[in-house]
1. What order do you get for Tyr136, Tyr197 when you list them from fewest to most C-beta neighbours inside 10 Å?
2. In the chain, what % of DSSP beta bridges are antiparallel (nearest 5)?
3. Using a simple spin-label model with points 7 Å from Cα along the Cα→Cβ vector, what separation in nm is obtained for Asp56 and Arg321?
4. Tally Lys/Arg at +1 and Asp/Glu at -1 over every other residue whose Cβ is under 11 Å from the Cβ of Asn137; what's the total?
5. Give the angle, between 0 and 90 degrees and rounded to the nearest 10, that separates the Cα long axis of helix 170-182 from the longest principal axis of the Cα atoms of the chain.
6. Kindly provide the trypsin sites (Lys or Arg not before Pro) of region 29-104 that DSSP labels as loop, not H, G, I, E or B, and whose Cβ sees at most 10 other Cβ atoms within 10 Å.
7. With charges only on Cβ, +1 for K and R and -1 for D and E, what is the dipole size of region 142-353 about its Cα centre, in debye, rounded to 20?
8. Quick one: order Asp224, Asp194 by neighbouring beta-carbon count within 10 Å, fewest to most.
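We did not get these values from a lab; they are worked out from the coordinates using the rules stated. In this text the structure is predicted, and so the values were computed from the model without any measurement. Methodologically, a virtual Cβ is constructed for each residue, glycine included, from the backbone with ideal geometry; neighbour enumeration extends over all protein chains shown.
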Amino acid sequence: MLSLATRSLFTDAKLRVVNGMDLKFLWLDIERFLLENELKIDRAIKKFVLATSLDDGRIVASAGLDENVIKCVCVDKKYRGTELSLKVGTEIVKQGLEARYDDLFLYTKQENSKKFRGWGFSPLVEIPGAVTFMEYNRNRLSDYLENLSRKKKEGGRVGSVVMNANPFTNGHRYLVERACRECDWVHVFLVKEDVSYFSYQDRLNLVREGLCDIANVIIHEGSDYIVSHVTFPQYFLKDDDQVNQQASAVDALMFRQYIGPALGITVRYVGTEPLDKTTRMYNRVLKKYLSESLCVQKSIQLEEIVRIKCDGKVVSASRVRELIKEHQYESVRSLVPCSTFAFIKQNFMSSDKKKDASS
């Protein structure tokens, strides 16, 4: 644990960088402080910068780090308007850069974005009256888009699919095949976050193997600019519906304002399921922000494709994961391509057999 004392005319507090066992010990205190300020703690955070009062030791400010995303930023009402926010921000940025991340990101309410500009962050997209997505390294996005544009292909209709592929299923394959039949080229993007049942690298390999026979598909590695609902901060939003709506809106605007133009994408394909409320909402928000006159960039059409079924049930990655947990591997076989099943057989079935042999 690192302690940094700071005294000034406006604040009288000590900065502490906590992780590991120190963080576990202070977790309930941090959670209580955030709740007092109508915020929720994010359990993915592994490191916090805290400011504690020199008078009574109570927490008066916080900022957390979840990989390269800053979350749970809060300053006690008594200390707002002082330089304490900047001191906490300077330290959390320092911690992120010392952890060798080449860029840092944060999401905040739009009305708070000015404060984070003072931390050195710049807005990438803003959802009016809601969320602003911000980045620390101003050059990284332009470098990413320049590299992306090298994979641009000419065509009258250029499609795209964004997927988690956890794991890659026949449903993913069907969606991409449909897009490839209707488009000159199709760009496939994988969500980068590595908190899935299957690791990011394994998911990427399965997508590549599962689509290797399709000539007009281009597979892109994951990036911080393909927004993940899993890593999207929830601490300042009241419920899951708000989280899903804001994450979908940021996803759509990032895609429309930056990724789509770099590759000349004209249409984005998604799967749909009439009985799934979350999927329905996600697609509705995507359609709004991809197509309506909310920004100067050209609109991108959203093409909703009914998901395929097997034995009367929608083919989904969540269903595959559930069957794996239940060791029903033969039921998995009909839901995934041969390459995915071979991976599951090697990495899950074989480990089960070893457990059985040792028991």
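1. Numbers: Tyr136 21, Tyr197 15.
So the residues, fewest neighbours to most, are Tyr197, Tyr136.
2. The answer is about 60 percent antiparallel.
3. The answer from the label model is 4.3 nm.
4. Neighbourhood net charge equals -3.
5. 70
6. Filter output for region 29-104: Arg43, Arg100.
7. Details: 29 positive and 27 negative charges, 81 e Å.
Taking the Cα centre of region 142-353 as origin, the dipole is about 380 debye.
8. Working: Asp224 23, Asp194 15.
Arranged by neighbour count, lowest to highest, Asp224, Asp194 become Asp194, Asp224.
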